[in-house]
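Presented below is the structure to which this report refers.
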Amino acid sequence: MLKKVGVVVLSAGFLFTIAWLPGWVGSGQPSEPGNDNENQKVKNIIYMIPDGFNADYATNYRLYKEEDVVWDEHMKGMYTTHSADSSITDSAAAGTAMATGYKTNNGVIGLDPEERELETILEASQESGMAAGLVATSTITHATPASFASHVKDRNNETAIAPQLLENEVDVLLGGGKNNFLPGSEGGNQESNHLIDQASDQNYAFVETRDALQDAEIDIEAGEKLLGLFADDALAPEMHRDETKEPSLADMTESAIGSLEEGEDGFFLMVEGSQIDWAGHANDAAWAMQDIAAFEAAVEEAIAFAEEDRETLVVVGGDHETGGMTVGMGENPEMNVDPSVLKNVTATGDHMASALNSDRSNINEVIGTYTDFELSESEIQTIRNADDAASAFNQVISDRASIGWTSTNHTGVNIPVYAYGPQAADFTGHLDNTDLPKIMAEVLGVELGG
Ligand SMILES: [Zn+2]
């Protein structure tokens, strides 16, 4: 027994010595993920926010995918998310905390509870000469992206947020919400400002489709910028994106990195998987899983770039949980969950509800069109009699996967943080959401002011 222990200790010591010999890491031998360039300097940061995502989403998604998930090996810690005035945060206060390092009240963007302006990590990065970008599948003026480059009392005031994103000269802006940049005379929400014209005066190239984004080339060093607004309002949910000319989140992430990496002094890029949260509010498990898959594809783009570049830190963390999602639900005597059945669901609950005829006599047809489930008589009755047919579809479909929901709003649980690249270990342990931008400022060597 003793002898055996001795052998184990000896081998571990031997391996440890070998691992530290010069050339071991550079020789292409396997090393701990993210650790081989752990001590290098950080030139670029890609901050990726899956809105509404927590450990339960992570677990259900792993079971859904039935394969390794890109972020699992980069798990570092967890953080608290409460806002200044509530134990449950909204996306504005969460975004502000994650962008500025300060707590504020729910609904507030980039201001403290006394309405003093807070500097964001994006602004501090720009101050030090770095390029900056924001990418989202919501309107680009929605709470999370807005928190990085605007300052308003009310998150719903998206027409006040839009001009601030341009005044801040964010080099790359990609998402939805064209209406918030157009005047009423052109069907937009601005009173009279034509912000797309203004953007072109500011040297922004403007694109509106996936193809145009692919062809867009800007010279960051020459002061050229990129504004991509691919829908009047939010982009389509991932499962309906193919019916549009809108890019995927991975397409936008790839384009943003491609433009920003030409800057000599590094870049800060925030990428939001905006609609995971909306799926959570709707308790739509299939929409949630498929939008997480789209977000994962974007994280893969970021990590592939960081692996090559070696001076890029990628940080992934949600702003709060939405829906009180659980892994398993009800009495469940077999203790079984099977989220992978959601792969064959091709529409949101909302979309299925809109396909119902007025007496709801075509429930079986709708389910047959968009899923491979056969409904029981009681499930059909549930949908037929529901006040809200979309919710009923979502409940029936979530039940098939044994994904439970306890809320249609946000919850207050801790959120996991994942990090890859130089200084990734700084995100280890039990943190608060305000710690994230503070750590980023520290590793970038920039001053995050008040
Ligand atoms: Zn949120």
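Can you pull out every residue in segment 386-434 that is of a type in the set (G, A, S), over 27 Å from I121 (Cβ atoms) and more than 16 Å from the ligand (Cβ to nearest atom)? Explain how you work it out, then say what you get.
Applying the first criterion (of a type in the set (G, A, S)) to segment 386-434 yields 386, 389-392, 398, 401-402, 404, 407, 412, 419, 421, 424-425, 429.
Subset that is over 27 Å from I121 (Cβ atoms): 386, 389-392, 398, 401-402, 404, 407.
Selection gives A386, A389, A390, S391, A392, S398, A401, S402, G404.
Of the residues making up segment 45-87, those that are open to solvent by 50 Å² or more (accessible area, probe 1.4 Å) and touching a helix residue (DSSP H, G or I) at 6+ places or on another chain (Cβ under 6 Å) number 2.
With respect to the conditions (1) open to solvent by 10 Å² or more (accessible area, probe 1.4 Å); (2) touching a residue at least 40 places away in the same chain (Cβ under 8 Å), F427 falls short on a single one, namely (1).
Cβ-Cβ contacts under 6 Å between residues 6 or more apart (or on different chains), taken from a first residue in segment 345-372 that is without any contact (Cβ under 8 Å) to a residue 12 or more places away in the chain and over 23 Å from A236 (Cα atoms) to a second residue that is part of a helix (DSSP H, G or I) and of a type in the set (S, T, Y), are absent.
Conditions (1) open to solvent by 30 Å² or more (accessible area, probe 1.4 Å); (2) closer than 18 Å to A256 by Cβ, marked per residue:
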residue: E169; (1), (2): yes, yes
residue: E186; (1), (2): yes, no
residue: L195; (1), (2): no, no
residue: L229; (1), (2): no, yes
residue: D232; (1), (2): yes, no
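When segment 96-124 is limited to residues that are charged (D, E, K, R) and within 14 Å of A146 (Cα to Cα), the one that is farthest from the chain's Cα centre (by Cα) turns out to be E117. With respect to the conditions (1) over 22 Å from G273 (Cα atoms); (2) touching a helix residue (DSSP H, G or I) at 6+ places or on another chain (Cβ under 6 Å); (3) modelled with pLDDT of 95 or more, Y102 falls short on a single one, namely (2).
With respect to G107, determine if the residue is within 15 Å of the ligand (Cβ to nearest atom), assigned by TED's automatic domain parsing to the domain that holds E246, open to solvent by 10 Å² or more (accessible area, probe 1.4 Å) and out of contact with any Pro (no Cβ under 6 Å at 6 or more places or on another chain).
Details: within 15 Å of the ligand (Cβ to nearest atom): yes; assigned by TED's automatic domain parsing to the domain that holds E246: yes; open to solvent by 10 Å² or more (accessible area, probe 1.4 Å): yes; out of contact with any Pro (no Cβ under 6 Å at 6 or more places or on another chain): yes.
Judged against the criteria, G107 is a match.
Among the residues of segment 263-280, is there at least one that is open to solvent by 20 Å² or more (accessible area, probe 1.4 Å) and more than 30 Å from N54 (Cα to Cα)? Yes; the residues of segment 263-280 include at least one that is open to solvent by 20 Å² or more (accessible area, probe 1.4 Å) and more than 30 Å from N54 (Cα to Cα). Residues in segment 116-151 that are out of contact with any Gly (no Cβ under 6 Å at 6 or more places or on another chain) and either open to solvent by 10 Å² or more (accessible area, probe 1.4 Å) or at positive phi (or both): R116, E117, E123, Q126, E127, S128, G129, H142. Applying the selection to segment 151-175, what residues are touching a strand residue (DSSP E or B) at 6+ places or on another chain (Cβ under 7 Å) and within 16 Å of the ligand (Cβ to nearest atom)? Across segment 151-175, the qualifying residues are R155, E158, I161, G175.
Within segment 68-84, the set of residues being within 15 Å of I49 (Cβ to Cβ) and in contact with a Ser or Thr (Cβ under 7 Å, 6 or more places away or on another chain) comprises T81 only.
Which residues, taken from segment 78-118, are in a loop (DSSP other than H, G, I, E, B) and either of a type in the set (S, T, Y) or closer than 26 Å to A425 by Cβ (or both)?
Going residue by residue through segment 78-118, those that are in a loop (DSSP other than H, G, I, E, B) are 81-90, 101-108, 110, 112-116, 118.
Residues satisfying the conditions are T81, H82, S83, S86, S87, T89, G101, Y102, K103, T104.
So, S125, is that one within 15 Å of the ligand (Cβ to nearest atom) and out of contact with any Asp or Glu (no Cβ under 6 Å at 6 or more places or on another chain) or not?
Details: within 15 Å of the ligand (Cβ to nearest atom): no; out of contact with any Asp or Glu (no Cβ under 6 Å at 6 or more places or on another chain): yes.
Judged against the criteria, S125 is not a match.
Looking at segment 324-338 only, could you name the residues that are more than 16 Å from the ligand (Cβ to nearest atom) and more than 18 Å from I367 (Cβ to Cβ)? Give the steps one after another, and end with the answer.
Of the residues in segment 324-338, the ones more than 16 Å from the ligand (Cβ to nearest atom) are 326-338.
Matches in segment 324-338: T326, V327, G328, M329, G330, E331, N332, P333, E334, M335, N336, V337.
Residues checked against (1) open to solvent by 10 Å² or more (accessible area, probe 1.4 Å); (2) modelled with pLDDT of 95 or more; (3) out of contact with any strand residue (DSSP E or B) (no Cβ under 7 Å at 6 or more places or on another chain):
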{"residue": "S354", "(1), (2), (3)": "yes, yes, yes"}
{"residue": "S361", "(1), (2), (3)": "yes, yes, yes"}
{"residue": "V396", "(1), (2), (3)": "no, yes, yes"}
{"residue": "G404", "(1), (2), (3)": "no, yes, no"}
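The values are calculated or read from the model by the stated rules, or taken from the named source; none is laboratory data. The structure presented is a predicted model; accordingly, all values stated were derived computationally and were not measured. Don't worry about glycine lacking a Cβ; one is built from the backbone with ideal geometry, like all the others, and counts go over all protein chains shown. Keep in mind that these areas ignore ligands, DNA and RNA; they rest on the heavy atoms of the full protein, side chains included. Shrake-Rupley method; radii C 1.70, N 1.55, O 1.52, S 1.80 Å.
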